[in-house]
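For reference, the structure discussed in these notes is given below.
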Amino acid sequence: MRTWLPALAVSTAFVSSLLTAPQALAQDSKPVPEKVPGTNVEFSPSAARDPQTRALAAANPAAVQAGGLLCGSGYRLASMEPLPDSRRFGTLFTYTKEVTRPALSGACALFDNNLGAKQHMKLKLCWTTCKTDEGNFFDYAGPVKYESNADTFQPRCAIVTALMWEGDVAIINRERHIDACD
């Protein structure tokens with residue numbers, strides 16, 4: 001018994017170190033960003049916690065992927081909002097890209113027309129200046145994108161406005177931040 005007791009102690013210490021090592025490694029490593037199922041588009045941290053955005057994205061992966069491609073490399077889905085409400089005449093997609101300076105961070109938006117007929121639409125994105133896409137669109141307005149490497153630029157806090165008219169009546173008029181703004 002004395003001959004295998006030291007070996008048992010060494011084996012127990014070895015197994016114990018293997019069981020605790022992954023926890024130590026996990027604490028020091030960055031979390032792996034979660035992707036929208038069926039796409040290569042990542043969720044922003046706030047979108048990953050938003051049940052509405054997650055459900056809409058899971059039900060519409062092709063639209064999320066298309067929006068990500070239109071915005072460009074490095075953009076993450078920040079939100080997906082049915083407008084004006086659950087009737088969903090349109091869908092507002094917002095994306096962010098937040099990178100370490102001197103690279104460009106960005107905010108991007110698309111406004112999907114879900115009515116199946118041309119509608120007069122306007123999509124506006126503002127930070128220090130505004131960029132706008134307006135016209136009669138069958139599919140979508142946008143993308144509108146604002147990119148900057150200024151230290152003061154906070155992509156999540158850019159303001160996006162989505163408007164859709166039926167004749168002279170605005171059936172959608174929504175203004176919001178691109179993402180959760182601190």
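The values are calculated or read from the model by the stated rules, or taken from the named source; none is laboratory data. Given the structure is predicted, the values throughout are model-derived calculations rather than measurements. As a convention, Cβ positions derive from the backbone with ideal geometry for all residues, glycine included, and neighbour counts pool all protein chains shown. Calculation scope for accessible area: heavy atoms of the full protein, side chains included, ligands and nucleic acids excluded. Shrake-Rupley method; radii C 1.70, N 1.55, O 1.52, S 1.80 Å.
Hey, what's the Kirkwood Rh for the range 89-142 if you take every pair of different alpha carbons, in angstrom? List each step's numbers first, then the result.
On the way: mean 1/r = 0.0813 Å⁻¹.
This gives a value of 12.3 Å.
I need the peptides 71-79, 45-53 ranked by packing, meaning the mean over residues of other C-beta atoms within 10 angstrom, with the highest value on top.
Most protected by this proxy first, the peptides run 71-79, 45-53.
Which whole-number value in Å² is the accessible area per residue of the range 29-171, probe 1.4 Å?
Each residue of the range 29-171 exposes 49 Å² on average to a 1.4 Å probe.
Among LEU123, LEU77, THR91, pick out the residue whose Cα is farthest towards the positive end of the charge dipole of the range 29-130, where Lys and Arg carry +1 and Asp and Glu carry -1 on C-beta, about the Cα centre.
LEU123
So, counting K/R as plus one and D/E as minus one, what does the shell of residues with Cβ under 14 Å around MET121 add up to? Numbers along the way, then the final one.
Working: positive: LYS118, LYS122, LYS124, ARG174; negative: ASP112, ASP133, GLU134, ASP139, GLU166.
Within the 14 Å Cβ shell, the charges total -1.
Report, to the nearest whole %, how much of the accessible area of the range 55-125 belongs to carbon and sulfur atoms, 1.4 Å probe, protein only. Intermediate results must be reported in sequence, preceding the final value.
Working: 1560 of 2780 Å².
Ligands and nucleic acids excluded, carbon and sulfur give 56 percent.
For LYS97, which lysines qualify as cross-link partners when the Cα separation must be under 25 Å and same-chain residues fewer than eight apart are set aside?
The qualifying lysines are LYS30, LYS35, LYS122, LYS124, LYS131, LYS145.
Could you tally the net charge around ALA63, taking each other residue with its Cβ under 11 Å from the Cβ of ALA63, Lys/Arg +1 and Asp/Glu -1?
On the way: positive: none; negative: ASP112, ASP139.
Residues close to ALA63 contribute a combined charge of -2.
Which aspartates and glutamates, if any, have their Cα less than 12 Å from the Cα of LYS118, not counting same-chain residues under 8 positions apart?
Cα-Cα hits under 12 Å: ASP139, GLU166.
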